[in-house]
Structures are given as C-alpha cells and as structure tokens.
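The values are calculated or read from the model by the stated rules, or taken from the named source; none is laboratory data. In this text, all values refer to a predicted model and were calculated from it rather than measured experimentally. Methodologically, a virtual Cβ is constructed for each residue, glycine included, from the backbone with ideal geometry; neighbour enumeration extends over all protein chains shown. Only protein heavy atoms, including side chains, enter the accessible area calculation; ligands, DNA and RNA are left aside. Shrake-Rupley method; radii C 1.70, N 1.55, O 1.52, S 1.80 Å.
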Amino acid sequence: MADIRKKQMASETTEAQIAVHWREEEYYYPSAKFIGQANLTDPGIVERFSEKNYPECFREYADLLSWDKYWDTTLDTSDPPFWKWFVGGKINASYNCVDRHLAKHKNKAALIFVPELEAEAPVSVTYRELYVRVNEFAALLRDFCGLKSGDRVTIHMPMVPELPITMLACARLGVIHSVVFGGFSGEACGMRIADSGSHVLITMDGYYRNGKLLEHKAAADISLDIAKKEGQVVDKVLVWRRHAGKNASASPFVKARDFWVDELLPNYSGQIVPPVPMDSEAPLFLMYTSGSTGKPKGCQHRTGGYLAYVTGTSKYIQDIHPEDVYWCMADIGWITGHSYIVYGPLALAATSVIYEGVPTYPDAGRVWRIAERLDVNIFHTSPTAIRMLRKAGHDEPSKYNYHFKHMTTVGEPIEPEVWRWYYETVGKREAVIADTWWQTENGGFLCSTKPALDPMKPGSAGPGMPGIYAAIYDENHQEVAAGSGKAGNICIRNPWPGIMQTIWGDRDRFVAQYYAKYCKNRNSKDWHDWPYFAADGAVLAVDGYFRILGRVDDVINVAGHRLGTKEIESACLTVPEVAEAAVVPVVDEIKGRVPEVYIALQPGLVASPEIVDKVNKVIETMIGKIARPRRILIVPDMPKTRSGKLMRRVLAAVSNNMSTGDISTLANPDAVEKVREMAQGKESVALADGPEDLKKFGTED
Ligand code: PRX
C-alpha cells in the first residue's frame with residue numbers, strides 16, 4: 001500500500017520534479033539609470049520590515065494615505081484568522097485616489113482611455129474631470145438608487161473609464177462594489193449578484209473586441225433572471241453608453257428598471273458628494289474567484305489595509321511616480337486591475353492607461369504603438385500576453401520608439417526564455433522586470449524583487465515582499481529548507497494589510513480554505529500559529545528566491561486566470577445526457593494551461609457531435625468563453641478507484657501525454673487504454689482553437 005502511495009505521489013509531483021531539474025538562472029541587474037530615479041533605494045527597508053518591527057512596519061504604507069482619523073491599533077489579532085488592520089482609523093478610498101490630488105495635479109491625466117479602434121483617438125480624463133465625474137455619479141447612486149454605506153452593487157463592465165469612475169463613486173459612498181469581469185457570461189454574473197445581495201447592476205450597452213462592437217447589455221437581462229431564481233431581485237439596472245447618441249444593444253429596456261446613465265446624469269450636474277469617512281475595516285469591494293469547490297467565492301477586501309498595501313507596493317515595487325505613464329494590460333474585472341490599474345496608481349497620482357481591446361488588434365504592433373504614442377514608461381502584463389505577443393510579432397517592439405523603465409509579469413510562472421524575450425526585445429535591456437506572485441485573496445504582491453535593490457532571476461518571483469514572511473512547508477508541516485531542491489506548499493507565516501477579510505458570508509470556508517491546513521493551534525490568538533496556505537507549489541533557492549510552480553488544488557490557471565475544475569464540471573452536468581464529467585489541465589504553449597473535458601454519458605446513449613456541442617455551449621453560457629475547453633472527449637468509461645473515486649490524475653496524465661504511473665489498483669484499468677486511444681485523436685471530437693481564435697485571445701479571454 002505504502003508503495004502504491006509512493007508511486008502515486010511520484011506522478012503527482014511531476015511538475016515539481018521538472019522544476020527541480022531546471023538549472024539555476026543567471027542574475028540580471030537593474031541599470032544605474034533606473035536606480036538613480038527609483039522610489040526604493042534604501043536597503044534598510046529589509047530591516048525596517050523585519051519580524052522584530054512587525055506589525056508596526058506597515059505604518060509606512062498607511063502613512064502614504066490621507067486619513068480622516070488616524071488609527072489606534074495597527075494589527076488586532078483577537079479573532080484569528082480574521083485579522084483587523086489600522087483599527088479605529090477612518091478613511092475614504094475615493095478621496096485618496098481623487099480629491100487629494102487636486103491641489104497639485106488637477107490638470108494631469110488620471111486615466112487615458114485607448115479605444116480598440118485606432119480611428120478613435122485616446123481620451124484623457126484629468127484628475128479634475130475624474131473628480132467631477134465621480135461626484136456626479138456618486139450623487140446619482142445615492143439619490144436615484146438610494147444606495148448607502150454597506151450596500152452592495154454589481155458592476156459588469158468592459159475596459160472603459162466609466163468602470164473606475166463607477167468604482168470610485170461607490171467607494172465615495174462606502175458602497176461595496178463587486179466587479180464581475182466583462183467577459184463572464186450573464187449566468188456567471190447572475191450568480192455573483194445573488195451571492196453578494198446586490199439590488200443594483202451597472203453595465204454598458206456594448207464594447208469593442210477584435211474590431212467588432214459586441215452587444216453587452218443582453219447579459220444583464222440573463223443575469224437578472226438567474227439572480228431572481230436564486231432569490232435576489234435587482235431593482236435598477238444602470239446602463240452606460242459606449243457611443244453618445246447610439247445604442248450598441250438590441251436588448252429592450254425594461255420600464256422602471258433599466259436606465260441610460262447619460263440620460264440621468266444631467267440631473268446631478270455639478271453636484272459634490274462629500275466622501276464618507278469609512279472605518280478602516282469597512283469592506284471596500286468583493287472580488288469573486290474560483291476555488292476548489294463548485295461555487296466561486298467572494299473575496300472581501302477591507303478599505304484601510306487594502307488601500308495602504310496597494311499604495312505601498314505600487315510605490316516601491318511598481319516604482320510609480322506622479323509623472324509616470326503607467327499601463328497595466330490586465331482587465332479591471334480581475335484583482336490585478338483593481339489593485340494595479342485603479343487603486344494603487346491613482347492613490348499615487350499616476351496616469352493609468354486603460355486599453356479597451358485585444359492586444360494584437362489589428363496587428364502585432366498595436367501594443368507597442370500605444371506605448372510609443374502615450375510615452376508609457378511602466379508596463380505590466382501576464383506571461384500569456386507576452387507569449388502571444390512574441391509569437392505574433394517577435395521583432396515588432398524594435399520598430400517602435402518607446403522606452404520602458406519598468407515591466408511587470410504576473411499571473412503565471414514565466415518560462416526563462418519568454419522572460420528573456422520580454423527583457424531583451426520588449427524592455428530593450430533598459431527596463432527592470434518585477435515578477436510578482438500573488439492572488440485575488442492577497443490584495444497585492446507577496447513575492448517580488450525590489451526593483452532597484454535586488455537582481456532579477458528569470459523564472460523566479462523573488463523573495464517575500466517587505467513584511468511578508470514566506471516559507472515552504474511539506475505535507476508533514478515541516479519547513480522545507482532553502483536550496484534543498486524540494487518543492488512544497490508556499491505559505492505566508494504572518495498577516496499583512498492586503499489580505500482579504502473573509503469570504504463574503506462564509507467565515508467557515510475562509511478558515512477551512514486558507515488556514516486549517518497549517519494552523520498549529522485553533523485556540524491560539526498568536527498570529528505565529530496561523531500560516532496562510534496559498535495552494536501554490538514552490539521551490540526556494542539558497543538566495544531566498546521563490547520559484548512558483550502552480551496550483552496544488554483543483555484550480556486551473558488559464559492565461560493567468562483562475563477556473564475551478566469543479567465549476568466547469570458542474571456546468572457539464574447540467575446537460576441531461578451527461579452522467580459524469582472530469583476536467584483536467586493540459587499544458588498549452590500560449591495560455592499556460594487549458595481545460596480538457598472528459599464526459600461519460602447516461603446509460604444507453606451514444607456519443608455524438610451534438611452532445612459535444614451542447615457541453616461546449618453550456619460551459620460558455622454558464623461561465624464564459626474563457627473556460628472553453630481545448631477538447632471534449634466522450635469516453636465509454638472513466639478510470640476509477642475501487643471505491644468509485646474518479647481518477648482525474650490519470651486523465652490529466654493521458655491528456656498531457658505523460659505516464660499514468662501504476663494503474664493496476666484501479667477498478668477498471670482497461671478504461672485507461674481506451675481513453676488514451678481517444679485522447680490521441682483516433683476517436684476524439686476536437687474543439688481545438690484555430691489560429692483565428694488565438695488572435696482573438698487577449699489577456700483575459
Ligand atoms: O498559481 C498562482 C498564479 O496565479 C494564482 C492566482 O490567481 P489570481 O487569484 O487570479 O490572481 C492573479 C493575479 C494576481 C496563484 O495562485 N500566479 C500569480 N502570479 C504568479 C503566479 N504564478 C507564478 N508566478 C507569478 N508571478
């Protein structure tokens with residue numbers, strides 16, 4: 001038995017083994033020019049944020065903000081693991097990102113919107129204009145929708161300046177926003193409306209993607225039906241308009257429910273809404289993400305700690321100065337966009353670029369043209385986008401006259417050769433690279449090099465951030481030593497201000513998901529007993545640099561975005577013909593991983609392209625195009641243990657053309673051969689993405 005377990009473990013840790021055999025990469029050093037202008041050049045930061053100065057070290061981040069009332073307790077650990085930060089303080093996020101910059105920067109661009117069609121010129125929104133628009137929209141939310149502090153609002157919008165305006169208007173009133181990525185389906189949005197208990201949905205009529213004006217408002221109608229079925233009624237739908245005087249959506253307006261924002265706004269013209277001083281611990285927003293169970297969970301982020309953390313990390317790691325033009329290509333509908341397009345950069349009075357569309361539209365030079373035209377000097381994107389841009393136009397960057405001082409990679413492990421292309425070709429050997437590792441739950445970066453202080457190492461995120469004490473633990477709760485070459489679970493030993501407060505409405509799940517595994521004593525009020533379990537595998541080199549290997553749970557990281565295998569499986573099971581479904585990750589050259597679906601049909605049914613089509617459609621409608629599988633394979637029999645457990649591990653090995661290890665103990669070892677034959681293409685029904693699709697593929701769909 002022990003032998004079998006050992007063999008199973010061996011095939012389960014294959015990825016780690018590959019990593020262990022990766023060679024150590026050479027260091028790259030920041031240029032003197034970069035160091036000369038950097039925000040963080042004092043190596044004393046390591047000492048200042050060391051354990052002996054914890055938690056008070058985080059005052060340094062909080063002091064970057066303007067507080068209505070200073071806090072009395074930096075960290076309250078009385079109810080572990082529900083940590084409280086800057087307790088007693090009062091602060092408003094909208095004030096910090098807008099009002100406080102007016103004195104010095106009112107005529108400076110806060111946002112530059114780049115429409116996807118090149119015929120439409122970029123639009124700058126100054127800090128003064130942002131102030132006016134946030135105030136007017138806040139007045140509308142307060143007086144027309146009756147929204148007040150603590151209410152939740154769901155926002156389902158594309159990449160347009162009206163999205164941060166909406167978020168900041170909510171924050172001004174203390175209304176908790178829940179932004180759902182615009183590419184998610186109406187169904188997915190509806191489930192999130194219901195879970196958050198939102199009475200108001202804010203959306204847009206349409207947006208451009210790959211040269212087409214996509215209809216978007218129709219998703220709102222679907223989401224409202226779904227929310228209603230789940231017991232949540234939405235009274236008002238506010239619809240922003242993509243083009244003045246036009247309607248991009250054919251979806252009819254429901255009287256007294258649906259309203260054009262631009263028809264209501266004149267009633268609030270010039271109104272000023274005082275920012276509400278919020279408790280530090282008041283929730284600022286919810287961000288739903290996938291976990292290892294079927295239902296996405298609402299990560300609840302606090303106002304004071306979150307804003308302090310994203311502001312501090314934007315200043316020190318992103319090296320944002322007010323005079324920088326900063327472009328993060330993520331979608332605001334994901335945590336990266338919240339922290340590092342909206343809250344962090346705007347709190348520092350930067351200019352933050354918002355690009356509407358696909359990075360390769362209309363051609364592989366688009367991103368570099370935008371960088372040249374706007375004179376972007378800080379660039380932030382994901383390995384998937386980098387791989388895609390490299391494939392689409394290896395030498396394109398050299399044709400354009402832009403100069404980045406700093407570049408970020410985030411969301412997935414980056415292969416050293418892709419890193420080098422980013423460094424040499426995109427960054428022209430001038431820009432530093434920060435490989436930032438973190439998660440939706442974390443608010444901001446957990447591991448990264450400090451750009452002017454630490455050398456870069458391709459493929460490694462770097463050391464724990466200042467004040468983040470990261471460690472790797474094995475399954476026996478032992479710390480894995482640096483340089484041992486062994487992979488394990490990366491954990492953060494201490495609380496930090498950006499960590500989420502809880503899962504919205506589900507305290508038990510919060511504890512179970514992140515703390516149960518390594519908690520040393522459930523009754524302890526000492527934070528040392530409560531390491532945070534990130535559900536990522538990692539190895540730690542002797543120099544203290546972490547190399548992240550990927551998820552150790554049932555989450556697939558597709559193009560830097562998280563999909564729960566259980567979520568996709570639940571969607572498949574809604575097709576009546578489907579008896580069983582198993583979803584596994586397959587390595588993909590561009591997207592990192594993509595899902596592959598195995599289906600077993602109800603007894604007596606015969607496989608057909610129609611069933612495959614149905615399964616494909618249901619995944620698209622219940623989750624969104626982002627979850628579209630590489631293939632759907634209808635198999636006669638799923639490999640199972642004798643106790644009936646479906647062996648996803650075996651299916652994953654088959655899908656990735658790897659050895660399945662010992663399968664002799666399975667209830668039906670023969671099933672594996674049959675599945676392998678099908679997976680190798682002899683009988684499969686493929687849905688492979690064509691080149692057209694890859695072209696369409698942005699950072700987020
Ligand atoms: O597996 C890790 C991977 O992305 C997961 C978090 O995804 P999400 O919550 O959507 O947040 C993405 C943006 C912060 C992690 O559990 N991940 C994130 N950054 C990196 C990474 N893997 C390797 N290197 C990174 N820099």
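Figures for the structure shown
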{"read-out": "Close pairs from the range 25-52: first over 19 Å from Lys315 (Cα atoms), partner open to solvent by 90 Å² or more (accessible area, probe 1.4 Å) and not in a loop (DSSP other than H, G, I, E, B), Cβ under 6 Å, at least 6 apart", "value": "none"}
{"read-out": "Residue within the range 505-514 that is over 20 Å from Asp76 (Cα atoms) and part of a strand (DSSP E or B) present", "value": "no"}
{"read-out": "The range 401-424 residues that are at positive phi and in contact (Cβ under 8 Å) with a residue 40 or more places away in the chain, paired with ones that are assigned to a helix (DSSP H, G or I) and within 13 Å of the ligand (Cβ to nearest atom) (beta carbon under 8 Å, 6 or more apart)", "value": "Gly411/Thr336; Gly411/Pro383; Gly411/Thr384"}
{"read-out": "Selection from the range 109-132 of residues that are within 28 Å of the chain's Cα centre (by Cα) and more than 30 Å from Pro362 (Cβ to Cβ)", "value": "Tyr127, Tyr131"}
{"read-out": "Single residue of Trp504, Trp527 found to be more than 16 Å from the ligand (Cβ to nearest atom) and either open to solvent by 10 Å² or more (accessible area, probe 1.4 Å) or not aromatic (Phe, Trp, Tyr) (or both)", "value": "Trp527"}
{"read-out": "Qualifying residues in the range 263-300 (those that are open to solvent by less than 50 Å² (accessible area, probe 1.4 Å) and β-branched (Val, Ile, Thr)) - the one modelled with the lowest pLDDT", "value": "Thr289"}
{"read-out": "Failed condition for Thr360, given (1) closer than 17 Å to Val123 by Cα; (2) part of a loop (DSSP other than H, G, I, E, B)", "value": "(1)"}
{"read-out": "Selection from the range 435-455 of residues that are open to solvent by 10 Å² or more (accessible area, probe 1.4 Å), among the hydrophobic types (A, V, I, L, M, F, W, C) and within 9 Å of the ligand (Cβ to nearest atom)", "value": "Trp437, Trp438"}
{"read-out": "Qualifying residue in the range 457-467 (condition: outside any helix (DSSP H, G or I), among the hydrophobic types (A, V, I, L, M, F, W, C) and either out of contact with any Cys (no Cβ under 8 Å at 6 or more places or on another chain) or surrounded by fewer than 23 Cβ atoms within 10 Å (Cβ to Cβ) (or both))", "value": "no"}
{"read-out": "Any helices (runs of 4 or more DSSP H) falling wholly within the range 365-423 and containing at least 3 residues that are crowded, with 20+ Cβ neighbours inside 10 Å and within 15 Å of the ligand (Cβ to nearest atom)", "value": "383-392"}
{"read-out": "So Ala171, is it open to solvent by 10 Å² or more (accessible area, probe 1.4 Å) and over 17 Å from Leu265 (Cα atoms)", "value": "no"}
{"read-out": "Residue match in the range 545-560 (condition: part of a helix (DSSP H, G or I), touching a residue at least 12 places away in the same chain (Cβ under 8 Å) and of a type in the set (Val, Ile, Thr))", "value": "no"}
{"read-out": "Single residue of Phe510, Phe533 found to be open to solvent by less than 20 Å² (accessible area, probe 1.4 Å), hydrophobic (A, V, I, L, M, F, W, C) and within 16 Å of the ligand (Cβ to nearest atom)", "value": "Phe510"}
{"read-out": "Lone qualifier among Leu102, Leu65, Leu111 - being assigned to a loop (DSSP other than H, G, I, E, B), of a type in the set (A, V, I, L, M) and either open to solvent by less than 30 Å² (accessible area, probe 1.4 Å) or touching a residue at least 24 places away in the same chain (Cβ under 8 Å) (or both)", "value": "Leu65"}
{"read-out": "Residue in the range 130-150 that is touching a strand residue (DSSP E or B) at 6+ places or on another chain (Cβ under 6 Å), closer than 28 Å to Gly298 by Cβ, part of a loop (DSSP other than H, G, I, E, B) and touching a residue at least 12 places away in the same chain (Cβ under 8 Å) present", "value": "yes"}
{"read-out": "Residue identified as within 12 Å of the ligand (Cβ to nearest atom) and either open to solvent by 30 Å² or more (accessible area, probe 1.4 Å) or under 29 Å from Ala431 (Cα atoms) (or both) among Val552, Val542", "value": "Val552"}
{"read-out": "Number of the condition not met by Lys517 [criteria: (1) away from the ligand (no atom under 16 Å from the Cβ); (2) open to solvent by 40 Å² or more (accessible area, probe 1.4 Å); (3) of a type in the set (D, E, K, R); (4) at pLDDT 95 or above]", "value": "(1)"}
{"read-out": "Odd one out for Thr311 among (1) open to solvent by less than 10 Å² (accessible area, probe 1.4 Å); (2) modelled with pLDDT under 95", "value": "(2)"}
{"read-out": "Test: residue in the range 479-489 that is open to solvent by less than 20 Å² (accessible area, probe 1.4 Å), within 13 Å of the ligand (Cβ to nearest atom), more than 18 Å from His380 (Cβ to Cβ) and not in a loop (DSSP other than H, G, I, E, B)", "value": "yes"}
{"read-out": "Hits in the range 90-99 - residues which are assigned to a helix (DSSP H, G or I) and open to solvent by less than 60 Å² (accessible area, probe 1.4 Å)", "value": "Ala93, Ser94, Asn96, Cys97, Asp99"}
{"read-out": "Unique residue being touching a Gly at 6+ places or on another chain (Cβ under 9 Å), among the charged types (D, E, K, R) and closer than 21 Å to Leu130 by Cα when the list is Asp363, Asp324, Asp331", "value": "Asp331"}
{"read-out": "Helices (runs of 4 or more DSSP H) completely within the range 572-691 that count 2 or more residues being farther than 27 Å from Pro413 by Cβ and open to solvent by 50 Å² or more (accessible area, probe 1.4 Å)", "value": "609-622, 669-679"}
